[in-house]
Amino acid sequence: MSRFVILSLTLMVFINSSSFLNTVATPPGTYQNHTRYVTTACNSTTYPMMCYNSLSSYSATIKSDPIKLCTTSLNLNVKYAKNSTLVVSNLLQKAKAAKSHEVSILKDCVDEMKDTIDELKQAVAEMKYVRGRGKTTEEHLKNVMTWVSSALTDEGTCTDGFEEGKVNVETKKKVKKAVSQLSKTTSNTLALLTHYLSY
């Protein structure tokens, strides 16, 4: 009889231990909570759906950390800036080959886009010093926001040139599409910085 009781108790401990281990390994609702955090954060931006589409796959990395949220957004922003710059650079090369009058406008745009990449990289580097609270952290955060704001301005300056000069409709369309997508991403990054890290 006592052997049966001991065996039963051992079995119960084993079952409870297994349940505990499973709970530790995969906390219920953790993934949903992280995804919900990204969704809520993106709702504070101007283009929430674009924000969510770019950040949702990184929710497990971001968790519920505002610094990781903004750092991830900035890193993606650099990637999108490089892609947009490549689009305009390819158009510039074609214009040069065709000896088109669009060369100078496209060159100016490429220069602005390169400045954008540099400014966003500066923001990423500055984010490494944004930790906790205090005057020093606040100063670094202001620098981050200044760099991102400057990037947004340069993106706008790029497309302004196409309004003033005579440019092929298709060229203008391709540039505007690439830069517009980038500007929306940069705007979202700035919104996240403002809502989640401003003091």
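The values are calculated or read from the model by the stated rules, or taken from the named source; none is laboratory data. Small disclaimer: the values here were computed from a predicted structure and weren't measured. Cβ sites come from the backbone with ideal geometry, for glycine too, and all protein chains shown count toward neighbours. Ligands, DNA and RNA are stripped out before the accessible areas are found, and what is left, the full protein with its side chains, is counted by its heavy atoms. Shrake-Rupley method; radii C 1.70, N 1.55, O 1.52, S 1.80 Å.
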Name the pairs whose Cβ atoms lie under 6 Å apart, with the first residue in the stretch 171-186 and within 17 Å of S100 (Cα to Cα) and hydrophobic (A, V, I, L, M, F, W, C), the second open to solvent by less than 60 Å² (accessible area, probe 1.4 Å) and modelled with pLDDT of 95 or more, and 6 or more positions between them or separate chains? V175/V88
Is it the case that Y129 is touching a residue at least 60 places away in the same chain (Cβ under 8 Å) and open to solvent by 50 Å² or more (accessible area, probe 1.4 Å)? no
Please verify whether the stretch 166-183 includes one or more residues that are touching a His at 6+ places or on another chain (Cβ under 6 Å), within 22 Å of V78 (Cα to Cα) and either of a type in the set (D, E, K, R) or open to solvent by 20 Å² or more (accessible area, probe 1.4 Å) (or both). no
Do we find that I62 is under 18 Å from L192 (Cβ atoms) and touching a His at 6+ places or on another chain (Cβ under 8 Å) in this structure? yes
Tell me yes or no: at least one residue of the stretch 107-122 is of a type in the set (S, T, Y), within 27 Å of the chain's Cα centre (by Cα), at negative phi and modelled with pLDDT under 95. no
If a residue has to be among the hydroxyl-bearing types (S, T, Y), farther than 16 Å from S84 by Cα and open to solvent by 20 Å² or more (accessible area, probe 1.4 Å) to count, how many in the stretch 184-199 make the cut? 4
Would you confirm whether or not the stretch 176-192 contains a residue that is farther than 19 Å from C109 by Cβ and over 15 Å from the mean Cα position of the chain (by Cα)? no
The one condition Y80 fails out of (1) surrounded by 14 or more Cβ atoms within 10 Å (Cβ to Cβ); (2) at pLDDT below 95; (3) aromatic (F, W, Y) is (2)
Consider only pairs whose beta carbons are under 6 Å apart and that are at least six residues apart or on different chains; among these, list those whose first residue lies in the stretch 52-69 and is over 13 Å from Q32 (Cα atoms) and without any contact (Cβ under 8 Å) to a residue 24 or more places away in the chain and whose second residue is among the hydrophobic types (A, V, I, L, M, F, W, C) and in a helix (DSSP H, G or I). Y52/C42; L55/V38; K68/I62
